[in-house]
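The values are calculated or read from the model by the stated rules, or taken from the named source; none is laboratory data. Note that this is a predicted model, so its numbers are computed, not measured. So basically every Cβ, Gly included, is an ideal-geometry build from the backbone, and we count neighbours across all protein chains shown. Ligands, DNA and RNA are excluded from the accessible area calculation, which covers all protein heavy atoms including side chains. Shrake-Rupley method; radii C 1.70, N 1.55, O 1.52, S 1.80 Å.
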Amino acid sequence: YRNVIGRGLRCLLDVPNSEVFGNAHHDSGRFCSRSSQPLGEKIRPLQISSVGQPPHHFPACNIQIIRSFHTSPSLQAAPVPLFWIIVKPAQKLFAIILGRSIRKWWKALPPNKRELFKESARKNKWKILLGVSSLGVVFVVFYFTHLEETPITGRARLLVFGKEHFRELSQMEYDMWMEQFKSQMLPETDARYQVVERVVGHLSESNKDIPQVSALEWVIHVVDEPGVNAFVLPNGQVFVFTGLLDAVSDIHQLSFILGHEIAHAVLEHAVKKASLVHFLDFLSLIFLTMIWAICPRDSLAVVGQWIQSKLQEFMFDRPYSRTLEAEADKVGLQFAAKACVDVRASSVFWQQMELAETIQGQPKLPEWLSTHPSHENRAEHLDRLIPEALKIRESCNCPSLSGPDPRLIFRLNMQHLLELSKGREASNSTKQDPSKPKLDFPH
């Protein structure tokens, strides 16, 4: 069961420019939560370490930690999105068989009947056009009748599936992740776990005036994995890999990254992405039938089907994923600003990631091939958003930022870091995996 639907579940729940908070709060007095405090008061600055016990001075956290497995009732009906995952291959198979049958039927017709059919089509071309237009109108009406307003941003979004179905689906996804990482979960006494606990608790407390934030129960899971990754399921389950904790330079960068992931859950990006993919897949069944009906041979139909799927992927799916990532960056930066985080550190993180890839010699793929914006474009986008985030931070009565801009420090030390890493790579080649260098970025 898990092998059949696991990949489909993760595809649905994988989550990737309007004015943020524009219509969430109309008066500046309600913009910040009353309990919002400077980050330094809630989370003392610390060096994120991969080893060691938690310091004794950690403050208590405001969120409830739940470390238990959940199993669904054995006779529970499958969520609607899961049903469509299962039947999607059958839909494509039906479209292929239908298109191929139309082609064979046409080839089997005698020449005189073909001409009669063509003549009949010419005589009734307006009726045919009216039928096709009516079908198009149905799709347009369906699209606009399933548009809803995105929380916080107010953007229009397509919602085909109900939110309650995705809550069930995210619980199934949670069970699968917990089974996969059950032997790699850090205990609550681990210093790295408590760092994540305090950051998420501070972000949720500082943004509790937003209904979508306060409605979810944020549950922490820190996985001992070297990958630089973190994600939040739609039901508030937060997963952070230790590789991410090693990659960030300070608590401010970690706060922004987790704010970005929380934004994915709050903005319900999993529902939006799955709805768009389902709508496009349903439309593609019409084109798939036409491809198999028109192409004279099966081999050409297979090529046409592959081209059609790639066009859909690169023209709709991946650009939409990049749009969702940019939206999560913007809202996540707002969340961090309300938590009195140094939002200037957000763009530095992506500059560090770009530098690390340069040092590793990884090839740079064009952005249009990826579901995420490039590190360079992401940093530039955040730099454009930082002035507004600083205004939000100031409106929340956060203390003034002291010290030089971390972006300036990074630029001044970039060449030094490149030279230093080359020296370390030569001296540590036998001690460390060169594919995962640990750079000591300046704070």
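For (1) of a type outside the set (A, V, I, L, M); (2) modelled with pLDDT of 80 or more; (3) touching a strand residue (DSSP E or B) at 6+ places or on another chain (Cβ under 6 Å), each residue gets a yes or a no:
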site	(1), (2), (3)
Val80	no, no, no
Ser101	yes, yes, no
Ile128	no, yes, no
Val132	no, yes, no
Checklist entry - Which residue out of Gln194, Gln212 is within 22 Å of Cys340 (Cα to Cα), open to solvent by 40 Å² or more (accessible area, probe 1.4 Å) and either part of a helix (DSSP H, G or I) or in contact with a strand residue (DSSP E or B) (Cβ under 8 Å, 6 or more places away or on another chain) (or both)? => result Gln212
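If you take the residues in the range 164-191 that are hydroxyl-bearing (Ser, Thr, Tyr) and either modelled with pLDDT under 90 or closer than 25 Å to Phe256 by Cα (or both), which one is surrounded by the fewest Cβ atoms within 10 Å (Cβ to Cβ)?
Thr189
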Checklist outcome for this item: Residues in the range 338-363 that are more than 20 Å from Leu245 (Cβ to Cβ) and modelled with pLDDT under 90 total 4
Checklist entry - Within the range 83-125, how many residues are part of a loop (DSSP other than H, G, I, E, B) and either open to solvent by 90 Å² or more (accessible area, probe 1.4 Å) or within 15 Å of Ala293 (Cβ to Cβ) (or both)? => result 1
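Which residues, counting only those in the range 342-376, are closer than 21 Å to Leu412 by Cβ and in a loop (DSSP other than H, G, I, E, B)?
Within the range 342-376, Asp342, Val343, Arg344 qualify.
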Checklist outcome for this item: Taking the range 384-400 and keeping residues on the phi < 0 side of the Ramachandran plot and either part of a loop (DSSP other than H, G, I, E, B) or surrounded by fewer than 16 Cβ atoms within 10 Å (Cβ to Cβ) (or both) leaves Arg384, Pro387, Lys391, Glu394, Ser395, Cys396, Cys398, Pro399, Ser400
